[in-house]
Amino acid sequence: SKSIEIIRDFPAETVYVHALEEQLIQLFSNIINNSIEALKDITNPQIKISITISRKNNIITIQDNGIGIEEKHATDIFEPFVTSKTDRHGRGLGLFISKQIALNLSGNIKYRPPDPYEIAMAPNSKFF
């Protein structure tokens with residue numbers, strides 16, 4: 001297994017979110033695990049995690065330099081049991097669960113190729 005470079009672009013001030021730690025771990029681990037999977041055959045694998053604070057939303061962006069998601073799948077990746085994995089490795093629930101967690105936290109999650117995943121949290125949310 002090769003190393004993946006993690007690039008962090010976080011604001012100087014602390015950002016908080018009112019949520020159970022387990023929810024946030026589940027939300028982000030599902031997305032990051034998908035990134036790791038997409039980086040299997042990449043020479044210099046990278047995952048970039050950025051946080052942008054605005055009056056409207058706190059935006060967490062997760063981007064990798066992997067193979068990406070085919071555009072035909074991009075519209076339904078947050079639906080249950082949708083997977084592009086053919087090796088029985090995935091059940092197609094990870095991104096669905098992440099979307100539900102984000103919605104329950106008054107946020108949202110989007111993916112529009114070739115852009116990265118974006119998780120938006122309400123402005124009064126606090127994110128660590």
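Report the dimensions of the range 1-66 along its three principal axes from the alpha-carbon atoms, largest first, rounded to Å.
In descending order, the Cα extents are 38, 24, 17 Å.
Using a 7 Å offset from the Cα along the Cα-to-Cβ direction at both GLU71 and LYS56, what is the distance between the two label points in nm, to one decimal?
Going by the 7 Å Cα→Cβ label model, 2.5 nm.
If one puts a single equal scatterer on every Cα of the range 7-112 and applies the Debye formula without solvent, what log₁₀ I(q)/I(0) results at q = 0.13 Å⁻¹?
Normalising to I(0) and taking log10 leaves -0.52.
With θ set to phi - 60° and the Karplus curve 6.51 cos²θ - 1.76 cosθ + 1.60, what are the ³J(HN,Hα) couplings of the range 26-41 in order, to the nearest whole Hz, using x for Gly and Pro?
For the range 26-41, the Karplus-derived couplings read 5, 4, 6, 5, 4, 5, 5, 4, 5, 4, 4, 4, 6, 9, 3, 10 Hz, x marking Gly and Pro.
Less than 17 Å apart at the alpha-carbon level, and either on another chain or at least 8 residues along: which aspartates and glutamates does that give for LYS48?
GLU5, ASP9, GLU37, ASP64, ASP115, GLU118
Applying the Karplus parametrisation 6.51 cos²θ - 1.76 cosθ + 1.60 with θ = phi - 60° to the phi angles of the range 96-110, what ³J(HN,Hα) value in whole Hz is obtained for each residue in order, glycine and proline being reported as x?
3J(HN,Hα) across the range 96-110, in whole Hz: 4, 5, 4, 4, 5, 4, 4, 5, 5, 9, 6, x, 7, 9, 9.
Quick note: the coordinates plus some simple rules give every number you see, no bench work behind them. Being a predicted model, the structure only gives us computed values, none of them experimental. Here the Cβ is made from the backbone with ideal geometry for all residues, glycine too, and neighbour counts use every protein chain on show.
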